[in-house]
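Asker: What follows is a structure written as structure tokens; I'll ask about it next.
Any read-out appearing in this document is the output of simple, stated calculations on the displayed coordinates, not a laboratory observation. Source: prediction; values computed, not measured. Because the Cβ atoms are built from the backbone with ideal geometry, glycine has one as well, and the counts that use them run over all protein chains shown.
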Ligand SMILES: *Cc1c(COP(=O)(O)O)cnc(C)c1O
């Protein structure tokens, strides 16, 4: 057998051939990628043998943690028995049927049907096709506008990136595609604090931006509104409690379909099965991916509420849309095992009653740190905003990229936290224990202290 390749050799091959997503290729080639070799529970190990606490669950997805044998066994068994068959030609596979049935049980009662894909992005492409088809079938084809929000993340395909509100993504490739418009996000710190609004009053204001957009677009032209219950990639932005119920009221008033992108919030992350349950609204459609398989294999889909499903089924005829891997049997088998494990380990209750509140307490203490302007959590999502002047809440100049300074310390200290601007965010695996939260928070505090020391040393605070 060949000797294992060194990290340097792997890095050279990586930069010679592998174009990474959302990456400055040349910048990465200069540094060399960190290569992750194995994982267990909430920890990763790289090829240099460093142990790293994964406070991001991979990419918001490894909800049951790494190394869960039940998922591995489900995949192995299904691969041996039937690695693939499609669902196009009036056929189905057992895992796809059983997963559809199981999803109808764990999602809110308005959901009895699912359309499968392999990712969050594809699912949101399905959303665009499906909501427009719905209005077509109802004889209102002009109802095609979809309203989304600035700084939303809905994936990276043409439709996903267009629904999303990321300026950097829109700047490349001629996006957004026509018929998708954006309103401001419900981010109190940026848009409500200086006007002196309470969070609750701001939540209502932010919802009314939706009503204004519906009215200016003409309600007869608006198909749907889409949002993440809590924006993830945008920086774990937790809207005020008043926001979503008011958004729902407005959507109902104008007949606009309400779509919840549950790719991050779904499957227990917020302490309920789905983020809409935590935020108190009842969407007509839900996008899911990531946590449905805990990322062990790719799977996504759209939960289709009865309002839409009845029209498509009873009046729609053929829906000219689908993916080769819609209902992939191996992915569905893994999802079934994953959902089984979430239920068996009572992970949703664990987040809601135990580790979620425990993390909230720890973050309330981190809020006292001199660099932290606000600290927020919901279930097992958390954000720390780094500020230059705590008393006034002044931001650091963007050019300092303080979030990246802090992230550099996290990298060296062995904890994975993500920087979105100056918001440091986490979303650890749901299996995390109290003792592991203590360990994680101690690492985070240490990284904040090191970042503060940098800021003092370089005179960035004044
Ligand atoms: C990650 C994400 C997506 C995209 O999912 P992919 O599987 O990367 O295509 C869509 N919506 C939200 C809210 C996400 O966090």
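Asker: Based on the alpha-carbon gyration tensor of segment 186-303 and its eigenvalue square roots a ≥ b ≥ c, which shape applies: rounded if a/c is under 1.5, prolate if not and a/b is larger than b/c, or oblate?
Answerer: Oblate is the answer for segment 186-303, as a/c is 1.5 or above yet b/c matches or exceeds a/b.
Asker: Tell me, what is the percent relative contact order of segment 69-344, built from C-alpha pairs under 8 Å that lie six or more residues apart? Kindly include the intermediate steps, with their values, before the conclusion.
Answerer: Working: 532 pairs, mean separation 80.4, N = 276.
Relative contact order for segment 69-344 comes out at 29 percent.
Asker: Another one. How many times 2.2 N^0.38 Å is the alpha carbon radius of gyration of segment 194-247? Please report the intermediate quantities before stating the final value.
Answerer: Working: Rg = 12.4 Å, N = 54, 2.2 N^0.38 = 10.0 Å.
After normalising by residue count via 2.2 N^0.38 Å, the value is 1.24.
Asker: Can you give the Kirkwood hydrodynamic radius of segment 297-349 from its Cα pairs, in Å with one decimal? Please list the in-between numbers first.
Answerer: Details: mean 1/r = 0.0735 Å⁻¹.
Kirkwood radius, segment 297-349: 13.6 Å.
Asker: Right, next: Under the rule a/c < 1.5 gives rounded, and otherwise a/b versus b/c splits prolate from oblate, where does segment 240-299 land using the Cα gyration tensor? Can you show the working numbers first?
Answerer: Working: a/c = 3.89, a/b = 1.85, b/c = 2.10.
The shape class here is oblate.
Asker: Further question on the same structure: Would you mind calculating the gained length between residue 249 and residue 18 on full extension (0.36 nm times residue separation, minus the Cα-Cα distance), in nm to one decimal?
Answerer: Values: separation 231, 0.36 × 231 = 83.16 nm, distance 4.70 nm.
Gain on stretching residue 249 to residue 18: 78.5 nm.
Asker: Using Cβ counts within 10 Å as a stand-in for footprinting exposure, how do 128, 263 rank, fewest first? Please list the in-between numbers first.
Answerer: Numbers: 128 26, 263 30.
Listing 128, 263 from fewest to most nearby Cβ atoms yields 128, 263.
Asker: Taking 8 Å as the Cα distance limit and 6 or more residues as the minimum spacing, I'd like the relative contact order of segment 227-297 as a percentage. All intermediate terms of the calculation are to be shown ahead of the outcome.
Answerer: On the way: 94 pairs, mean separation 23.2, N = 71.
Dividing the mean separation by the residue count of segment 227-297 yields 33 percent.
Asker: Given only helices, namely DSSP H runs of n ≥ 4 each adding -39500 (n - 2.57), what is the per-residue ellipticity at 222 nm of the chain, to the nearest 500 deg cm²/dmol?
Answerer: Details: 17 runs with 189 residues, N = 462.
Roughly -12500 deg cm²/dmol at 222 nm, from the helical runs in the chain.
Asker: Next question. For segment 69-344, divide the Cα radius of gyration by the Kirkwood radius and give the resulting Rg/Rh value with two decimals. All intermediate terms of the calculation are to be shown ahead of the outcome.
Answerer: Details: Rg = 18.5 Å, Rh = 19.0 Å.
Radius of gyration over Kirkwood radius for segment 69-344 works out to 0.97.
Asker: If you take the alpha carbon radius of gyration of segment 322-462 and divide it by 2.2 N^0.38 Å, what ratio comes out, to two decimals?
Answerer: On the way: Rg = 18.4 Å, N = 141, 2.2 N^0.38 = 14.4 Å.
For segment 322-462, the normalised Cα radius of gyration comes out at 1.27.
Asker: Tell me, what is the Rg over Rh of segment 110-269, with Rh the Kirkwood radius over Cα pairs?
Answerer: Values: Rg = 15.2 Å, Rh = 16.0 Å.
So for segment 110-269, dividing Rg by the Kirkwood Rh gives 0.95.
Asker: Could you please tell me the mean projected area of the C-alpha convex hull for segment 58-132, averaged over all directions and given in square nanometres to one decimal? Show your work: numbers first, answer last.
Answerer: Details: hull surface 27.4 nm².
Result: a mean projected hull area of 6.8 nm².
Asker: Restricting the count to DSSP beta bridges whose residues both fall in the chain, what percent are antiparallel, rounded to a multiple of 5? Don't jump to the answer; show the numbers that get you there.
Answerer: On the way: 33 of 49 bridges.
Around 65 percent antiparallel, to the nearest 5.
Asker: Looking at the calculated P(r) for the chain, what percent of the C-alpha pair distances fall above 41 Å?
Answerer: Counting every Cα pair in the chain, those more than 41 Å apart make up 17 percent.
Asker: What number, in percent, do you get for the relative contact order of the chain if the mean sequence gap of Cα pairs under 8 Å and at least 6 apart is divided by its residue count? Write down the numbers at each step before the final one.
Answerer: Details: 886 pairs, mean separation 89.1, N = 462.
Reported relative contact order: 19 percent.
Asker: Also, quick follow-up: Taking the Cβ of each residue in 181, 334, 420, 415 as the centre, tally the other Cβ atoms inside 10 Å and list the residues starting with the fewest.
Answerer: Working: 181 14, 334 29, 420 19, 415 23.
Sorted ascending by nearby Cβ count, the order is 181, 420, 415, 334.
Asker: Mind listing the Cα extents of segment 157-212 along all three principal axes, in Å, largest one first?
Answerer: 39, 22, 13
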